[in-house]
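K.L.:
This is the structure I want to talk about, given as C-alpha cells.
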Amino acid sequence: MSFLHVDLNSFYASCAVVESGGAYNFDTPLMVCGDPKRRHGIVLAATYPVKRTGVRAGMPIWEALARCPNAVLVAPDFRLYMRYSDSFMRIVRRYSPLIMRYGIDEAYLDYNGCERIFGSAKDTADRIRERVKKELGLTVSVGVGDNMLMAKMGSDYKKPDAVTEINASNWQEYIWPLPVQSLMYVGKATAGKLRSIGVHTVGELALSSAVLLKEVFGICGQTLWKNANGIDDTRILPGAEPQKGVSKSITLSHNASTLPEICSALLMQTEDVAYRLRALKMRAGVVGIHFRYPDMSGEGRQVSLATPTFVTAELYESVKTLAGVLFRGRPVRQVGVRVAKLSCEPEQMPLFPSEAHERRLRLDCATDKLRDRYGADVLKRAGTLCFEHDEIDEFSPFVRV
Ligand SMILES: [Mg+2]
C-alpha cells in the first residue's frame, strides 16, 4: 500500500511572497493577519523567519510583533488562496484518480496501482514537489507512507520543500521519539491527560496498555494506541467528499446591538461563504450562524435547507431568519456563518423552475467573474454598506471535521 500526503508550506504567507512580484522572498519576515489597528487581530500565517521566533498561527498580532518587530504585515486575500489552491489540486490530481482535498492547502493521494504508470511513490512525490515549485512558485512537503497516517506524519516530519518516507520499518525510529502532540488528533487537552498518566512521547503511547488507554479515553483510547503504532485503515473512497463545511467569522470593530447591524455583518460573511461554495462547485444542505458576546461566551443556530444551494441570496434568507431567532438584544462582538452537508451533485431539476432562483444564480456568477478579475471590493451589496465592519480576524476557510 502507498499513500502520499502533500502539504503546501506556510500557504497564505507563501502566496503573499509569490504575488509580491519580487518585493518579498521566503527569507522576508512576513505575517498574514487582520488589521493590527483594530482589536484582537491574529496571525493567520507567517514565513519561516517569523516562525523561527516562536510566532504561531492564531497568536495575537501584538504578541507576534513583540517577538518579531520587523515583520511585514499583509492582509489576507482569500480569492487569491482559492486560485492557488485550485491550481495545486490540478497538479496533484494528475498522479492519482483517488485524491482527497483536505482543507485549502493539503491533499492525500491513494497511490496504489499508480506505480506502473508514474513510477515509485517517492519519485512521484519529488515530481509533484518540483512541479508545484516551478508552476506556482510555492514549496510543499510530501509524506510517502504505507497508509494515510504515515503519509501525513511524513509531510510533517520535514518542512519546507522536502519528501519524507515513513513506513513500518522506520516508524519507530522516526516517530516514536516525537512528543505525543505530533500525532494526528492529539490536541492540547489529550496531551495534558496523557502527560498525567506519564505518557510524553509517541513511543511511550505505543507501548502503554491499550486497556488503560480505553479506561481513560474511552473508544478514542483505542485509536490513540493504534495511531501511535502506525496503524490506520482510513481509505479514500471514490467520489467521497472530504469537504465538510465552509465557515467565516468576523470580529466587529465595535459591539453590535441592533439586528440590522448584525444582519449586515452576516450578509458579508454569507457572500464570502457562498463565493467559496461556488468556487468549490458545492451546494450546502445546512446553514448556521454563530454569535460571540463581549464576555467571549457564544451560541449558534443552524437549519437544514429543503434544497441545497450555493446562491448567496438563498443562503442569506436562512441566515437572516436564524439571526432573528438568536438575537435577543444582547450586544454581539463577533458573528460567523457556517455551511455544512456539502454535496457536489449537479443541481436537481426543480419541479417548478423558479425564475427568482435563475436570476439570483446569474447575478452570483456575474459578480464572481468581476471579483475574480478586479478584486473582492469591486462590488458590494447595499446591505453590507450601512455599517462598518472591516476586520477579518478569524479566518477559517474550511472547517476540518
Ligand atoms: Mg500547510
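K.L.:
With the requirement that a residue be open to solvent by 70 Å² or more (accessible area, probe 1.4 Å) and either among the β-branched types (Val, Ile, Thr) or at pLDDT 70 or above (or both), what does the stretch 336-369 give you?
P.N.:
Of everything in the stretch 336-369, those that are open to solvent by 70 Å² or more (accessible area, probe 1.4 Å) and either among the β-branched types (Val, Ile, Thr) or at pLDDT 70 or above (or both) turn out to be 338, 341, 355, 358, 359, 360, 362, 363, 369.
K.L.:
Checking residue 197 against (1) closer than 30 Å to residue 91 by Cα; (2) modelled with pLDDT under 95, which single condition isn't satisfied?
P.N.:
So residue 197 meets the others, but not (1).
K.L.:
Just give me the residues in the stretch 189-223 being open to solvent by less than 60 Å² (accessible area, probe 1.4 Å), part of a helix (DSSP H, G or I) and either hydroxyl-bearing (Ser, Thr, Tyr) or within 30 Å of residue 97 (Cα to Cα) (or both), in sequence order.
P.N.:
190, the sole residue that qualifies.
K.L.:
For residue 243, work out the one condition from (1) touching a Phe, Trp or Tyr at 6+ places or on another chain (Cβ under 8 Å); (2) in a loop (DSSP other than H, G, I, E, B); (3) at pLDDT 95 or above it doesn't fulfil.
P.N.:
Answer for residue 243: the failing condition is (3).
K.L.:
In the stretch 109-147, which residue that is within 16 Å of the ligand (Cβ to nearest atom) and open to solvent by 10 Å² or more (accessible area, probe 1.4 Å) is nearest to residue 279 (Cα to Cα)?
P.N.:
That would be 136.
K.L.:
Got at least one residue in the stretch 294-302 being open to solvent by 50 Å² or more (accessible area, probe 1.4 Å), touching a Cys at 6+ places or on another chain (Cβ under 7 Å) and assigned by TED's automatic domain parsing to the domain that holds residue 263? Spell out how you get there, then give the answer.
P.N.:
Quick first cut of the stretch 294-302, residues open to solvent by 50 Å² or more (accessible area, probe 1.4 Å) only: 294-296, 301-302.
Then drop every residue that is not touching a Cys at 6+ places or on another chain (Cβ under 7 Å), which leaves none.
Looking through the stretch 294-302, none of the residues is open to solvent by 50 Å² or more (accessible area, probe 1.4 Å), touching a Cys at 6+ places or on another chain (Cβ under 7 Å) and assigned by TED's automatic domain parsing to the domain that holds residue 263.
K.L.:
Here's a follow-up. So which of 56, 52, 67 ends up being within 14 Å of the ligand (Cβ to nearest atom) and open to solvent by 10 Å² or more (accessible area, probe 1.4 Å)?
P.N.:
Details: 52 fails: within 14 Å of the ligand (Cβ to nearest atom); 67 fails: within 14 Å of the ligand (Cβ to nearest atom).
After ruling out the rest, the residue left standing is 56.
K.L.:
A further question follows. Just the residues that are at pLDDT 90 or above and within 20 Å of the chain's Cα centre (by Cα), please, taken from the stretch 49-79.
P.N.:
If the condition is that a residue be at pLDDT 90 or above and within 20 Å of the chain's Cα centre (by Cα), then 51, 55, 74 are the ones that fit.
K.L.:
Among the residues of the stretch 148-178, which ones are open to solvent by 60 Å² or more (accessible area, probe 1.4 Å), in contact with a strand residue (DSSP E or B) (Cβ under 9 Å, 6 or more places away or on another chain) and in a loop (DSSP other than H, G, I, E, B)?
P.N.:
Selection gives 158, 159, 177.
K.L.:
Need pairs with beta-carbon distance below 8 Å; first residue free of Cβ contacts under 8 Å to residues at least 12 places away in the same chain and open to solvent by 10 Å² or more (accessible area, probe 1.4 Å) and within the stretch 1-30, second away from the ligand (no atom under 14 Å from the Cβ) and outside any strand (DSSP E or B); sequence gap 6+ or separate chains.
P.N.:
25/17
K.L.:
Determine which single condition residue 62 fails, assuming it passes every other condition in (1) open to solvent by 40 Å² or more (accessible area, probe 1.4 Å); (2) aromatic (Phe, Trp, Tyr); (3) within 16 Å of the ligand (Cβ to nearest atom).
P.N.:
(3)
K.L.:
Here is a further query. Out of everything in the stretch 96-105 that is surrounded by fewer than 21 Cβ atoms within 10 Å (Cβ to Cβ) and not aliphatic (A, V, I, L, M), what residue ends up being nearest to the ligand (Cβ to nearest atom)?
P.N.:
Applying the filter and picking the extreme gives 103.
K.L.:
Same structure again: Among the numbered criteria (1) outside the structural domain of residue 364 (by TED's automatic domain parsing); (2) open to solvent by 30 Å² or more (accessible area, probe 1.4 Å); (3) not polar (S, T, N, Q), which single criterion is violated by residue 260?
P.N.:
(1)
K.L.:
Mind checking which residues of the stretch 266-320 are among the hydroxyl-bearing types (Ser, Thr, Tyr), closer than 18 Å to residue 256 by Cβ and at pLDDT 90 or above? Let's see the steps before the verdict.
P.N.:
Here is the first cut: in the stretch 266-320, the ones among the hydroxyl-bearing types (Ser, Thr, Tyr) are 270, 275, 293, 297, 304, 307, 309, 312, 316, 318.
Keeping just the survivors that are closer than 18 Å to residue 256 by Cβ gives 270, 293, 297, 316.
Result: 270, 293, 316.
The values are calculated or read from the model by the stated rules, or taken from the named source; none is laboratory data. Bear in mind that the values here come from a model prediction, so they are computed numbers and not experimental data. As a convention, Cβ positions derive from the backbone with ideal geometry for all residues, glycine included, and neighbour counts pool all protein chains shown. To get the accessible areas, we keep the full protein, side chains included, count just its heavy atoms, and leave off ligands, DNA and RNA. Shrake-Rupley method; radii C 1.70, N 1.55, O 1.52, S 1.80 Å.
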